[in-house]
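Okay, so here's the structure we're looking at.
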Amino acid sequence: MATHKLRYSRTDAEQTQAWDAGEEEYPDLPAEPALGFTDEVPDVCQHCGEPLGWHEQACEGPATKPADEPTAPALQASDGFTFALGSLALPITQEQSRPVVWRGHLKERHPATGLVQRVPVYRLDDGYWDCYREEELRVA
């Protein structure tokens, strides 16, 4: 019994002929569905400026920001940090307070348990690359 060898691709001549005739490259595959992408800007909320698809409920805030409201965000510490970025901190070894320019965590072992813990550290805009622990800083 002779086996028929399957051919999965066209020769160069067959492909060129298909291109010239305007045939689809893979006629056996179903046509791709339209994805529905458009260059239009999505509908935006009048109050907060977010796309309407992000809303679970209607916004109740003012449509525009009052002129007397400050534009800079309030400095708030988060993620377990005592000092926020940009807030002033005073190292216990210095006499002048400096702004916090970076904050992160240092992994170290707890002296009593020996377990690894994350300790918050801060870098100040004081000309040094050293990081300060929270115990070494005071609120200015």
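Tabulated results
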{"quantity": "P(r), alpha carbons of region 88-139 - 5 Å bins starting at zero, rounded %", "calculated": "5, 20, 29, 19, 11, 10, 5, 1"}
{"quantity": "Amide proton proximity set for Arg123, modelled H, under 5 Å, gap of 5+", "calculated": "Val101, Trp102, Arg103, Tyr132"}
{"quantity": "Difference of contour (0.36 nm per residue) and Cα-Cα distance, Asp79 to Leu115", "calculated": "10.9 nm"}
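Each value in this text was obtained by applying a stated rule to the coordinates, not by laboratory testing. These numbers come from a predicted model, not from an experiment.
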